[in-house]
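Below: the structure, in structure tokens.
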Amino acid sequence: MTTDTLTLYIDRLRADGSEEIEVTLSPEFLDTGERELRFASPVHAELEAYLADETLVIRLSAEAEALIPCKICNNETSVPIVLSDLYTTVSFEEIHGGLYHCLPLLRELILLEVPAFVECNEGLCPSREEIKQYLKKEGDRKAESQQPFKDL
Ligand SMILES: [Zn+2]
């Protein structure tokens, strides 16, 4: 579960043409410090890299699992995060010392896929009914106040 395996060496790519890497990573690298976003299970990632002109091209697929509180009942909910064949290009100007670490890229792409709101039970939170009743009552009150002259 070492993260060094996600380092690409430009010289090696020049010699071999392309490189494919498949790894399972411990999820700590995804830690954001946010209480409402956790990653507990291992992250599986596959990448292919090759050079095109003065550019490094990376094709990346990954699977991770985010744990986020349901927006209605607050129960921690598992959300699968799937990246499939995302292409990233990195110009040689951004590459220093002949190597490129893919881990920050992987982290960024996974975090971008994390939804802002999550509802448990595949979008049918059992607490939804309670909330609906509450909302309905609110709505009724509103309707009443919008007819200020109805008693005249
Ligand atoms: Zn819920």
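The values are calculated or read from the model by the stated rules, or taken from the named source; none is laboratory data. Keep in mind that what you see is a predicted model, and the values were worked out from it rather than measured. Cβ sites come from the backbone with ideal geometry, for glycine too, and all protein chains shown count toward neighbours. Just the protein is used for accessible areas: all its heavy atoms, side chains included, with ligands, DNA and RNA removed. Shrake-Rupley method; radii C 1.70, N 1.55, O 1.52, S 1.80 Å.
So, R0 is 30 Å and r is the distance between the beta-carbons of GLU122 and SER84; what FRET efficiency does that work out to, to 0.05?
Taking R0 as 30 Å, the efficiency between GLU122 and SER84 is 0.90.
Top mean-square fluctuation among PHE117, PHE29, PHE39, Gaussian network model of the chain, C-alpha springs under 10 Å?
Maximum fluctuation in the GNM of the chain, among the listed residues, is at PHE117.
Any chance you could run the full-extension gain for ASP31 through ILE95? It's 0.36 nm times the residue separation minus the Cα-Cα distance, nm to one decimal.
20.5 nm
By how many nm would the segment from LEU103 to THR24 lengthen if fully extended, with 0.36 nm per residue of separation less the alpha-carbon distance?
Here the answer is 27.2 nm.
Put a dot 7 Å past each Cα toward the Cβ at ALA52 and LEU112; how far apart are the dots in nm?
Taking the two extended label points, one gets 1.6 nm.
If you split all Cα-Cα distances of the chain into 10 Å bins from zero, what percentages do you get per bin, shortest first?
Values per bin, smallest distances first: 10, 29, 22, 15, 10, 7, 5, 2, 0.
Measure off, as a whole percent, the carbon and sulfur share of the 1.4 Å-probe accessible area of segment 3-121, all protein chains present.
Summing carbon and sulfur atoms, their accessible area is 45 percent of the total for segment 3-121.
Placing +1 at every Lys and Arg Cβ and -1 at every Asp and Glu Cβ, with all other atoms neutral, what dipole size does segment 30-113 have around its Cα centre, in debye to the nearest 20?
Roughly 340 debye for segment 30-113.
Sum -39500 (n - 2.57) across every DSSP H segment of at least 4 residues in the chain, then divide by the residue count to get the 222 nm mean residue ellipticity, nearest 500.
Result for the chain: -7500 deg cm²/dmol, rounded to the nearest 500.
State which stretch of the chain is the longest one without any exposed GluC sites (Glu not before Pro), exposure meaning a DSSP loop state and at most 13 other Cβ atoms within 10 Å.
So the longest stretch without any such site is 55-152.
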